[in-house]
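Here's the structure, in structure tokens; my notes come after.
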Amino acid sequence: MAIGNDQSGSHPTLIGSVQRALRLLEAVAAHADGAPAKQLAREAQLPLPTTYHLLRTLTHEGYLRRESGVFVIGEGAESIGRAGARRRQRRQLADVLAVVGRELGAAVYFAVYREGEVEVVAITDDPARPPVEEWVDFRSSAHTHAIGQCLLAQLDEASRKEHLARYPVQSVTPFSVRSENDLLSRLATVRRGQVAYDRQEYALGTVCSAIPIRVGSAAATLAVSLPAKEVHRLQPVTDRLRKMAEGVLTTLAFSISI
């Protein structure tokens, strides 16, 4: 049987077993402390044998758990909910960044350092102010760009050494840092000034800056990029970004599940 329209083309083809399983999950979710099979069968309006069969299947697959004779939502269903919440939060963050980008006249980025890697969570997508093209993997070239330098500056010494052991310093443009000692000196400056600047060190024709943000225990950053011909705007735009971060973006960032 095809999933989609039936032969008449006027009604969608619905799979009854899926509908019943979803109704049963909704019934379980309505009880924070769980409910027994007979009660769930009544609430989901399902025959008891069907309910038992679905409960066994959903428990086996991890969508439910059986505890002391009652059924509660399992890790599988919880992970679906968390994934949906993360997508909504990231869309919300992207919307906020878009507003900030229009006000600043710059591409705007939000990134975190997670599990030993640089992860860009959200980037504005404005054709008038396009973000920098990732021509070298952001993770392996963190030492060259403002986002990466801002994140590396927030790490403890052991974590920073471990990162640089995996991704040794190497130039990607004529303006990139040349050695690990040069990078460590730069990171000390970033920590003092609470801002990282990248003037064509990652991509020719582009200048960037990044400011540190703490999201729980994770290192995070907000960053902007501009065409190199607008380098004179970089510091005032960065100052405005910092003020906006202190107002709206920091609060939003703390709500993001990273």
Dipole of the chain, positive end: most advanced residue of ALA122, LEU183, VAL100 [Cβ charges, Cα centre]:
VAL100
So what's the projected area for the stretch 200-245, the Cα convex hull averaged over all directions, in nm²?
3.5 nm²
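Let me check I've understood the local charge: for THR51, count other residues with C-beta under 12 angstrom from its C-beta, Lys and Arg +1, Asp and Glu -1. What total comes out? Before the final figure, lay out each step's value.
Working: positive: ARG20, ARG23, LYS38, ARG42, ARG56; negative: GLU43.
Computed value for this residue: +4.
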A chain fully extended from ALA228 to GLN92 at 0.36 nm per residue, minus the present Cα-Cα distance, gains in nm 46.0 nm
Among the lysines, which fall within straight-line cross-link reach of LYS243, defined as a Cα-Cα distance under 26 Å, with same-chain neighbours fewer than 8 residues apart omitted?
LYS229
Express the carbon and sulfur contribution to the solvent-accessible surface of the chain as a percent, rounded to the nearest whole number, probe 1.4 angstrom.
53 percent
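Determine the dipole magnitude for the stretch 43-163: charges of +1 sit on the beta-carbon of Lys and Arg, -1 on that of Asp and Glu, nothing else is charged, the reference point is the Cα centre, and the result goes in debye to the nearest 20.
Working: 15 positive and 18 negative charges, 73 e Å.
The dipole of the stretch 43-163 has a size of about 340 debye.
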Cα gyration tensor of the stretch 86-216 - equivalent ellipsoid semi-axes, whole Å, descending:
24, 17, 13
Matching label, Cα Rg over 2.2 N^0.38 Å computed from the structure shown, candidates [x] 0.97; [y] 1.38; [z] 1.10:
[y]
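When only Cα pairs under 8 Å and 6 or more residues apart are kept, what is the percent relative contact order across the chain?
Values: 374 pairs, mean separation 37.1, N = 258.
Relative contact order here is 14 percent.
Per DSSP helix of 4 or more residues, -39500 (n - 2.57); summed, then divided by the residues of the chain. What does that give at 222 nm, rounded to the nearest 500?
On the way: 9 runs with 114 residues, N = 258.
Only helices count here, giving -14000 deg cm²/dmol.
What's the FRET efficiency of ASP182 with SER79 using the Cβ-Cβ distance as r and R₀ = 35 Å, to the nearest 0.05?
0.20
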Net +/- balance of residues flanking ASP239 in space, Cβ distance below 12 Å, scoring K and R +1, D and E -1
+3
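May I ask you to list the trypsin sites (Lys or Arg not before Pro) in the stretch 139-182 that are in a DSSP loop and have at most 13 other Cβ atoms within 10 Å of their Cβ?
ARG178
Quick one: compute the contact order of the stretch 115-200, relative version, from alpha carbon pairs under 8 angstrom and 6+ residues apart, as a percent.
Working: 70 pairs, mean separation 25.0, N = 86.
About 29 percent, as a whole number.
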When only DSSP loop residues count, what GluC sites (Glu not before Pro) in the stretch 120-221 have their Cβ near at most 10 other Cβ atoms within 10 Å?
GLU133
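The values are calculated or read from the model by the stated rules, or taken from the named source; none is laboratory data. None of the values given here were measured: they were computed from a predicted structure. All Cβ positions, even for glycine, are placed from backbone atoms using ideal geometry, and neighbour counts span all protein chains on display. Ligands, DNA and RNA are excluded from the accessible area calculation, which covers all protein heavy atoms including side chains. Shrake-Rupley method; radii C 1.70, N 1.55, O 1.52, S 1.80 Å.
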